[in-house]
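Colleague: Structure below; questions to follow.
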Amino acid sequence: MTKAVRYDEFGGIEVLRVDEIDRPVPGDEQVLVRVKAAGINPGEAAIRTGAMADIFPSTFPSGQGSDLAGVVAEVGAGVDRFSVGDEVIGFSEKRAAQAELVQVDVDNLTPKPRNVSWEVAGGLFVAGVTAWGAVHSVQLDKAETVVVSAAAGGVGSLAVQLARRAGATVIGLASQYNHEWLQSHGVIPVVYGDRVVDRIKAAAPGGIDAFIDTHGGGYVELALALGVAVERIDTIADFAAAAKYGVKTEPATNAPPGAEVLAELAALIADGQLEVPIANVYPLAQVRQAYTELERRHTHGKIVLEP
């Protein structure tokens with residue numbers, strides 16, 4: 001038997017529990033991973049409440065989570081890229097990552113560099129691949145200026161760094177508390193809230209070329225008010241506004257597979273060229289507390305579970 005997060009119906013944090021389940025068995029081209037760390041994400045909370053049931057229907061009891069990092073515990077038939085004992089980063093496409101043992105398709109795994117911590121590796125997939133896709137989607141050139149909303153959050157904190165690596169001037173919208181971190185990463189911090197348009201214009205007198213919205217709640221309209229072209233706006237959160245105005249909601253066209261992006265990001269982290277801030281780490285049994293913190297939406301970086 002092994003432990004895994006489960007819920008039996010759509011609802012709030014109270015529906016989450018940790019169950020004893022049968023030990024998973026890897027199938028063909030699958031690996032069984034003993035999870036060392038599993039990230040949590042706002043999208044998982046939305047799926048759990050039923051808010052995205054038309055896009056992500058659920059079968060109960062449902063597991064939860066995509067991000068994971070751990071040690072290979074068993075390999076299925078046809079697997080020759082990994083062996084028992086290998087340290088890996090990956091993702092589950094079956095909402096099963098928040099567990100002690102997880103079946104993972106071999107194509108969804110990449111080796112974990114030795115100097116990347118379990119917490120960082122376990123929280124990398126969703127935020128990292130999303131940030132990578134958003135930055136590539138708005139097609140930044142050197143000497144251009146991009147604004148990133150929720151710039152210190154799980155996705156935003158990576159998007160600002162990747163945008164800087166692309167050569168852009170980056171304006172990060174965040175609370176005053178996070179301004180020092182943003183400045184230390186070459187980002188121009190701007191406080192969100194009333195009159196934010198004026199503050200952005202003051203920070204970028206030459207105008208704004210692109211906008212990445214990682215928060216929702218009116219930032220698409222703000223980008224349009226700043227004169228940003230529709231095709232240079234990407235939101236990962238406000239799908240209603242995207243449908244209304246025609247801005248982007250998807251990663252870059254022809255983006256490589258998730259495991260390839262994971263490998264690229266992990267290499268940058270290992271080389272000290274990319275930082276994944278870790279806001280907090282909870283044991284698996286405290287999954288409700290972890291999502292309580294996440295859903296306050298003021299987290300700097302990632303929250304991670306440790307089975």
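The values are calculated or read from the model by the stated rules, or taken from the named source; none is laboratory data. As the structure is a prediction and not an experimental result, all values here were calculated from the model. As a convention, Cβ positions derive from the backbone with ideal geometry for all residues, glycine included, and neighbour counts pool all protein chains shown. Only protein heavy atoms, including side chains, enter the accessible area calculation; ligands, DNA and RNA are left aside. Shrake-Rupley method; radii C 1.70, N 1.55, O 1.52, S 1.80 Å.
Colleague: What's the carbon and sulfur percent of segment 113-242's accessible surface, probe 1.4 angstrom, rounded to a whole number?
Modeller: Values: 2660 of 5160 Å².
So the carbon and sulfur contribution to the accessible surface is 52 percent.
Colleague: Please state the charge dipole magnitude for the chain, taken about the Cα centre, from unit charges on C-beta atoms (+1 on K and R, -1 on D and E), reported in debye and rounded to the nearest 20. Show your work: numbers first, answer last.
Modeller: Working: 25 positive and 39 negative charges, 143 e Å.
Here the size comes out at about 680 debye.
Colleague: Can you work out the accessible area per residue across segment 113-229, with the rest of the protein chains kept in place, probe 1.4 Å, in square angstrom?
Modeller: 40
Colleague: Quick one: Karplus J couplings for segment 271-277, per residue in order, coefficients 6.51, -1.76, 1.60, θ = phi - 60°, nearest Hz, x for Gly and Pro?
Modeller: 7, x, 9, 8, 10, 10, x
Colleague: In addition: Which entries of K244/K302; K112/K302; K142/K248; K142/K244 show an alpha-carbon separation above 25 angstrom in the structure shown?
Modeller: K244/K302; K142/K244
Colleague: Another one. Once phi is turned into θ = phi - 60°, what whole-Hz ³J(HN,Hα) does the Karplus curve with 6.51, -1.76 and 1.60 give for every residue of segment 244-249, x standing for Gly and Pro?
Modeller: In residue order, the calculated couplings are 6, 9, x, 7, 7, 10 Hz.
Colleague: Determine the sum of side-chain charges near R232: Lys and Arg each +1, Asp and Glu each -1, restricted to other residues whose C-beta is under 10 angstrom from that of R232. Don't jump to the answer; show the numbers that get you there.
Modeller: Numbers: positive: K248; negative: E144, D209, E231, D234.
Taking every other residue near R232 into account, the sum is -3.
Colleague: Which residues' amide hydrogens lie under 5 Å from the amide hydrogen of G50, considering only partners 5 or more residues apart or on another chain, with H built in the peptide plane?
Modeller: Under 5 Å from the amide H of G50: G11.
Colleague: Using modelled backbone amide H atoms (1.01 Å from N, in-plane), which distant-in-sequence or interchain residues come within less than 5 Å of I278's amide H?
Modeller: The answer is K302.
Colleague: While we're here: For H215, what is the net charge nearby, where nearby means another residue's Cβ is under 9 Å from its Cβ and Lys, Arg count +1, Asp, Glu -1? Each step should come with its number before you reach the end.
Modeller: Values: positive: R297; negative: D213, D238.
Value of the local net charge: -1.
Colleague: Now, a different point. Once amide H atoms are placed 1.01 Å from N in the peptide plane, what residues at a sequence separation of 5 or more from L305, or on another chain, have their amide H within under 5 Å of its amide H?
Modeller: Those lying under 5 Å, H to H, from L305 are A38, G39, I40, Y282.
Colleague: Net charge around E20, counting only other residues with Cβ within less than 11 Å of its Cβ (Lys, Arg = +1; Asp, Glu = -1)? Walk me through the intermediate numbers first.
Modeller: Numbers: positive: K3, R6, R17, R23; negative: D19, D22, E100.
Overall, the nearby charge balance is +1.
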